[in-house]
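Structure first, then comments.
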Amino acid sequence: MKIFITGASSGIGEALARFYAARGDTLGLLARREDQLRALQSSLGVPCEIYPADVRDLKAVKAAAEAFMAKHGVPDVVIGNAGVSHGTLTEHEDDVDVFRRILDINVNGLVNTFHPFIAPMRSRGSGSLAGIASVAGFRGIPGAGAYSASKAAAIRYCEALRVELKGSGAQVTTVCPGYIATPMTAENPYPMPFLITAEEFAARCASAIDAKKSLAIIPWQMALFGRLFAVLPDFLYDRMMAGRGRKPRIATTKP
């Protein structure tokens with residue numbers, strides 16, 4: 001199979017690349033950090049193209065997609081994984097730009113990732129698009145308003161795209177991770193129930209995509225937890241979350 005993954009240089013993206021490489025698949029990997037992409041490429045032992053690019057740059061993403069398809073053909077699976085997470089508080093002016101950046105990467109970056117592949121998948125009559133969202137999109141998490149908003153938008157975007165492509169042969173899977181042990185979650189100053197490794201997540205994610213699921217919440221325990229949170233009455237949710245630790249703001253971590 002041919003697999004194209006964004007945000008592939010670390011965390012979930014790297015784990016997915018290693019999982020698919022272990023299966024012997026051909027990979028296209030896109031991320032901003034060229035040095036980490038090259039190190040990953042050299043360690044995989046399968047045909048692997050790398051594309052240093054920012055998912056916010058549609059022109060660069062399209063060029064990478066076209067280069068991959070020219071060499072290897074239309075991918076069987078495209079995984080839009082690139083994403084960022086920082087603590088945000090609307091009262092701080094510094095965080096306005098952080099909000100914009102998170103939404104641009106996590107939502108528009110997903111659109112940019114899928115766009116170049118939709119027409120080719122329609123023409124071929126097959127293909128899978130997988131958007132990595134989050135259970136954080138089920139409710140607004142205090143101190144992480146931008147991240148919650150971006151993942152809620154990602155969930156609804158993937159849902160809309162799934163219906164748009166119905167009957168085309170191309171299918172869309174929305175993947176909502178719970179807590180995954182990655183550099184992104186390492187700074188979370190609060191308990192992370194049902195935490196799993198990135199390697200465990202990658203295997204379960206690939207299985208969900210292969211099964212053509214419309215929605216996969218990983219791990220399954222978080223599916224129960226997340227659905228409960230989604231229907232929890234506001235007064236209970238507010239009370240439960242009010243004293244919760246909050247992810248550090250990026251503005252407070254600058255040197």
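The values are calculated or read from the model by the stated rules, or taken from the named source; none is laboratory data. In this text, all values refer to a predicted model and were calculated from it rather than measured experimentally. Cβ placement follows ideal geometry from the backbone for every residue including glycine, while neighbour counts extend to all protein chains displayed.
Pull out all pairs, ordered by first then second residue, where Cβ-Cβ is under 7 Å, the residues are six or more apart or on different chains, the first lies in the stretch 144-156 and is touching a residue at least 40 places away in the same chain (Cβ under 8 Å) and farther than 12 Å from Val84 by Cβ, and the second is surrounded by fewer than 21 Cβ atoms within 10 Å (Cβ to Cβ) and hydroxyl-bearing (Ser, Thr, Tyr). Qualifying pairs under 7 Å: Gly145/Thr90.
Could you go through the stretch 110-121 and let me know if any residue there is farther than 30 Å from Phe225 by Cβ, small (Gly, Ala, Ser) and buried (at least 23 other Cβ atoms within 10 Å of the Cβ). No: the stretch 110-121 contains no residue that is farther than 30 Å from Phe225 by Cβ, small (Gly, Ala, Ser) and buried (at least 23 other Cβ atoms within 10 Å of the Cβ). Annotation note: of Ala216, Ala206, the sole residue that is surrounded by 17 or more Cβ atoms within 10 Å (Cβ to Cβ), under 17 Å from the mean Cα position of the chain (by Cα), part of a helix (DSSP H, G or I) and at pLDDT 85 or above is Ala206. Going through (1) crowded, with 18+ Cβ neighbours inside 10 Å; (2) modelled with pLDDT of 95 or more one by one, Gly137 falls short only on (2). Exactly one residue out of Ile196, Ile180 is closer than 24 Å to Val107 by Cβ, of a type in the set (A, V, I, L, M) and touching a strand residue (DSSP E or B) at 6+ places or on another chain (Cβ under 8 Å), and it is Ile180.
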